[in-house]
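Have a look at the structure below before the remarks.
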Amino acid sequence: MPALHAPSSDGVTVAVHDLGGEGPPLLVCHATGLNGGAYGPFARALHRDRHVWALDFRGHGSSSRPQGDEFGWDHVTDDLLAVLALDELGHGGAPMDLVGHSMGGAVIAMAELARPGSARSAYLFEPIIAPPGFPPGAAGGENPMADVARRRRPTFPSKAAALWHYASKPPLNELSAASLRGYVEHGFTEEGEGGTATLHPTPDDEAAVFNGAGTVTVDDVGALAIAVTVAVGTTDISFGPAHFAAQIAEALPKGRLSSFPELGHFGPLQAPTIVAADVLAHLARLD
């Protein structure tokens, strides 16, 4: 069960998971279609240095969906800002260190641009921050990933059946076993023990989130004053967010690029310990 809940815009209640650890708080923001619970193994690799929290964005995991269809990323940014306002995170209202994956990385940038001083620093793994007009959804068209999302299977006979399915099928078979288990455990509701498991977000809601992409661009991030590490997995650099990572890092006033040739877009969930070590290196540079 989520440890905390934060009221956001559009009637949304945001779930926040306490992933444990010692030290100053650090908040993880997940990728589209995933959830905070999937990052449990990543958090455990940070436990000796940080108390790790992870949120579920609207419609994902244990968070409620908006009363309407407000899945644009400016609305998703409201979810992050609502969580950062929680005193229970232990930051005493001071700027926090944030980790963002894919959409989560873009939303961190948007939150800091909207409310400077929300973040002390940011570690962004392949954030969806592209040149203006990319992806297609940013220009008012359909994001290609939205169609992929609509084809996702919304229910399984049980969580165990969902886990078995994803473990043998791309792209989620790239996740470590523990990360995949966390994704399924926190991303589905099950009717009774061993009953029908329903995916959150629904395929249509996930498609709507993809179509909200493109709100923040490479041109925008030059206004970010905080230290930012942009991490990239280079196995799929010919297309997608990996292709723009170097441009983002160059555009940031205090940007740094970190590459993982052996990883893809799911890096923090593929090799949690390896990516967590780089997060700690990023944080050490701030001291």
Any idea which of (1) without any contact (Cβ under 8 Å) to a residue 12 or more places away in the chain; (2) buried (at least 24 other Cβ atoms within 10 Å of the Cβ) is the one ALA106 doesn't satisfy?
(1)
Any residue at all in segment 171-179 that's under 20 Å from ALA276 (Cα atoms) and polar (S, T, N, Q)?
yes
Could you identify the single residue in HIS51, HIS91 that is at pLDDT below 95 and either of a type in the set (Lys, Arg) or in contact with a Pro (Cβ under 6 Å, 6 or more places away or on another chain) (or both)?
HIS91
Across segment 263-273, what is the total count of residues that are in a loop (DSSP other than H, G, I, E, B) and within 24 Å of HIS51 (Cα to Cα)?
2
Determine whether segment 247-262 contains at least one residue that is in a loop (DSSP other than H, G, I, E, B), at pLDDT below 95, farther than 14 Å from VAL28 by Cβ and touching a strand residue (DSSP E or B) at 6+ places or on another chain (Cβ under 6 Å).
no
Tally of residues being assigned to a helix (DSSP H, G or I) and either in contact with a Ser or Thr (Cβ under 7 Å, 6 or more places away or on another chain) or at positive phi (or both) across segment 32-71:
2
Can you tell me which residues in segment 175-187 are assigned to a helix (DSSP H, G or I) and in contact (Cβ under 8 Å) with a residue 40 or more places away in the chain?
ALA178, SER179, LEU180, GLY182, TYR183, GLU185, HIS186, GLY187
Number of positions in segment 13-36 that are buried (at least 24 other Cβ atoms within 10 Å of the Cβ) and of a type in the set (Ser, Thr, Tyr):
1
Whichever residue in segment 198-215 is assigned to a helix (DSSP H, G or I) and small (Gly, Ala, Ser) and, among such residues, is farthest from PRO66 (Cα to Cα):
ALA207
Any residue at all in segment 72-93 that's within 19 Å of LEU199 (Cα to Cα), in a helix (DSSP H, G or I), of a type in the set (Phe, Trp, Tyr) and touching a residue at least 12 places away in the same chain (Cβ under 8 Å)?
no
Right, ALA276: assigned to a helix (DSSP H, G or I) and buried (at least 22 other Cβ atoms within 10 Å of the Cβ) or not?
yes
Any chance segment 4-12 includes a residue that's of a type in the set (A, V, I, L, M, F, W, C), outside any loop (DSSP other than H, G, I, E, B), touching a strand residue (DSSP E or B) at 6+ places or on another chain (Cβ under 7 Å) and surrounded by 17 or more Cβ atoms within 10 Å (Cβ to Cβ)?
yes
If we keep just the residues of segment 188-218 that are free of Cβ contacts under 8 Å to residues at least 60 places away in the same chain and in contact with a strand residue (DSSP E or B) (Cβ under 9 Å, 6 or more places away or on another chain), which is nearest to PHE244 (Cα to Cα)?
LEU199
Lone unmet requirement of (1) more than 18 Å from PHE57 (Cα to Cα); (2) out of contact with any Leu (no Cβ under 7 Å at 6 or more places or on another chain); (3) modelled with pLDDT of 95 or more for ARG181
(2)
Does segment 115-124 contain any residue that is assigned to a strand (DSSP E or B), touching a helix residue (DSSP H, G or I) at 6+ places or on another chain (Cβ under 8 Å), closer than 27 Å to ASP278 by Cα and not small (Gly, Ala, Ser)?
yes
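The values are calculated or read from the model by the stated rules, or taken from the named source; none is laboratory data. Being a predicted model, the structure only gives us computed values, none of them experimental. Neighbour counts run over all protein chains shown; Cβ positions are idealised from the backbone, glycine included.
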